[in-house]
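The next block holds one structure in the form of structure tokens; read it before the comments.
The values are calculated or read from the model by the stated rules, or taken from the named source; none is laboratory data. Predicted model only: the values in this text are computed from it and were never measured. So basically every Cβ, Gly included, is an ideal-geometry build from the backbone, and we count neighbours across all protein chains shown.
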């Protein structure tokens, strides 16, 4: 069995193309770890943390606290001197006065560090005082929390004691509440902890290494690639029928493949997170791995009595199990399905659904079990073992970690059994290019365009994928709630009455509305003065101001009207109700990002095999011998894919336009785009309609570029799964990370070209 497992691993790992992709993943992981942790603004450099780690190494805990506290006081004092000197340098009476006040209120601190500031030789870890203070503020907050760990534990026990003495928490039997049970459980879980093995050091390096979302994403991508190579490619060659018919092929073959998926997940997890730890250790420092986990301030609330090294080991084992679960899902789909693309679609759908559960369900929601037990919650092992959380299960508190691990074990067991049974009793032992259920009969003709369209859209199932993503794009638009707020209804009513050229009647209406708001502000000011003079009490003043505050409810929306009015007076133009256009052009919505992600996924799945399909059948050699050779066929493939891209690109505009215009009327389409305040800075005078067409054209160009990348990858790799993997890595992964909060990743995609109307302004 061991030899069989080794054979299954070697079949994939020894491929030069696979090794190249794994090396690419490793390089990308280190690159993004470096890039995303580059300091900006007043953030201290990473080497500053390493220098602190080196300086405090070997210090007793109390000495560390004193050392960091003194450095913080020093930085605060120097910052005070710098601020006072900056005020004096303004040469104004107000600046001098404020400087004197600041100096007098902190006289001891100012006198202590004034001379040091004048020497200029006061920076210890950074090259600026602002960075120095940021660094020391962060470190002092951490060490203060960790140094008070015994007090934290005492507070947990005291909270349980106090709540136990309050009548509403005193209950017994079936009347006991979740709050009382949770408090008691928290006290019990923390009872065995102490500060005996607490050795504080900066947590920057460790959190940087174990909390990388990019690393998690690359880990998941590696599983997609491995399963595609291990299962689907062999199935496509018809080898499953042979192996299953052998003496040991029934269970041993699939068992070896399952073990290979597990080992691959563990090895890649070790490589990726090992590289994270090596990088973090060399640039920042990761401290003493034998120290208690609670030595790290972000994980101080954990109730696990484990060392940092054990924390890393548990995280590695759990992550391996979590990615193995994805591998089992993909393997099961690959064994069951006769279509090569189905496992990838199911895998993407599974991850997408779990990400939505994890990202969009609030922690306080009644559905928070779906959030905390989702796939991505289990993948976040730093939170799983480094924080403390009990879930409300039928009124009883159960710790999130235990629930997650039990659920993971159950799912893994079910997954292994499902894969084995599907292999034992399944009859889909090869990949079929066509399925009778969706077969469209082929009629003879002489049109090369029609023939390539048939192969790409029908035989290759591209049309099904395009239709599926079209539904998703439509649902994304129509499923959005565009219900206007009360303020927006006020703004809409006002703007629809004002829309068009400025007239005397419209100007009078605006001035009357402004006078109403001015009166409200005046009355509030008068009442405030009465309170200040002592004529009325503060409570009485608040009561008198309440109706005037009600008058100002919609003032922020009136300011938008006032801004358009002032623009017309100064630069000319017309009034325009702009909310609909702001939604349409992405100024008030983030649909562009999710639409681009869906389109990237759509093209990756639809066109990854367009160029490779001829290689799989050995037809390129035959076609090269024809009069026109490959060139004409390649051109026709590009045309078919390009037309499909254009159609998919137009769909979001159509769906969004219908959905938005049903709530927010969009008129004055021939007026200049500068009439919309957000686009006043557009240097070229364009009608809104032409601006819209330009936005659509730029999105078409960006989607054509996506299509071109997929087709070029397909021509280069000559393999569906390798093409799909690289396409997802290059096109979809940056958008996924951006959607998860890493906004900088947008700029590693075509998003600036696709969503520029939402950027400018």
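Tabulated data for the structure shown
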| read-out | value |
| --- | --- |
| Helices (runs of 4 or more DSSP H) wholly inside the stretch 653-761 containing at least 3 residues that are surrounded by fewer than 16 Cβ atoms within 10 Å (Cβ to Cβ) | 688-717 |
| Qualifying residues in the stretch 443-499 (those that are outside any helix (DSSP H, G or I) and touching a residue at least 12 places away in the same chain (Cβ under 8 Å)) - the one nearest to residue 593 (Cα to Cα) | 480 |
| Pair list, Cβ < 9 Å and 6+ apart or interchain, from the stretch 398-417 residues that are assigned to a helix (DSSP H, G or I) to residues that are surrounded by fewer than 15 Cβ atoms within 10 Å (Cβ to Cβ) | 403/393 |
| Residue match in the stretch 88-107 (condition: surrounded by 19 or more Cβ atoms within 10 Å (Cβ to Cβ), at pLDDT 85 or above and assigned to a helix (DSSP H, G or I)) | no |
| In the stretch 359-380, the residues that are modelled with pLDDT of 85 or more and part of a helix (DSSP H, G or I) | 368, 369, 370, 371, 372, 375, 376, 377, 378, 379 |
| Matching residues, the stretch 307-323, being buried (at least 16 other Cβ atoms within 10 Å of the Cβ) and under 21 Å from residue 202 (Cβ atoms) | 307, 308, 310, 311, 312, 315 |
| Qualifying residue in the stretch 536-556 (condition: outside the structural domain of residue 688 (by TED's automatic domain parsing), assigned to a helix (DSSP H, G or I) and in contact with a strand residue (DSSP E or B) (Cβ under 9 Å, 6 or more places away or on another chain)) | no |
| Residues being touching a residue at least 40 places away in the same chain (Cβ under 8 Å), part of a helix (DSSP H, G or I) and surrounded by fewer than 17 Cβ atoms within 10 Å (Cβ to Cβ) - total across the stretch 117-137 | 2 |
| Qualifying residue in the stretch 57-70 (condition: buried (at least 20 other Cβ atoms within 10 Å of the Cβ) and closer than 30 Å to residue 278 by Cβ) | yes |
| Residue tally, condition in contact (Cβ under 8 Å) with a residue 40 or more places away in the chain and either surrounded by fewer than 19 Cβ atoms within 10 Å (Cβ to Cβ) or under 12 Å from residue 490 (Cα atoms) (or both), over the stretch 548-564 | 9 |
| Residue check for residue 81: outside any loop (DSSP other than H, G, I, E, B) and over 18 Å from residue 287 (Cβ atoms) | yes |
| Qualifying residue in the stretch 166-180 (condition: at negative phi, modelled with pLDDT of 90 or more and assigned to a helix (DSSP H, G or I)) | no |
| Options 334, 291, 297, 280; residue that is out of contact with any strand residue (DSSP E or B) (no Cβ under 6 Å at 6 or more places or on another chain), modelled with pLDDT under 90, in the same structural domain as residue 384 (by TED's automatic domain parsing) and buried (at least 17 other Cβ atoms within 10 Å of the Cβ) | 334 |
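To keep it simple, each residue is scored yes or no on (1) farther than 18 Å from residue 577 by Cα; (2) in the same structural domain as residue 593 (by TED's automatic domain parsing).
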site: 462; (1), (2): yes, yes
site: 467; (1), (2): yes, yes
site: 471; (1), (2): yes, yes
site: 476; (1), (2): yes, yes
site: 494; (1), (2): no, no
site: 506; (1), (2): no, no
site: 514; (1), (2): yes, no
site: 520; (1), (2): yes, no
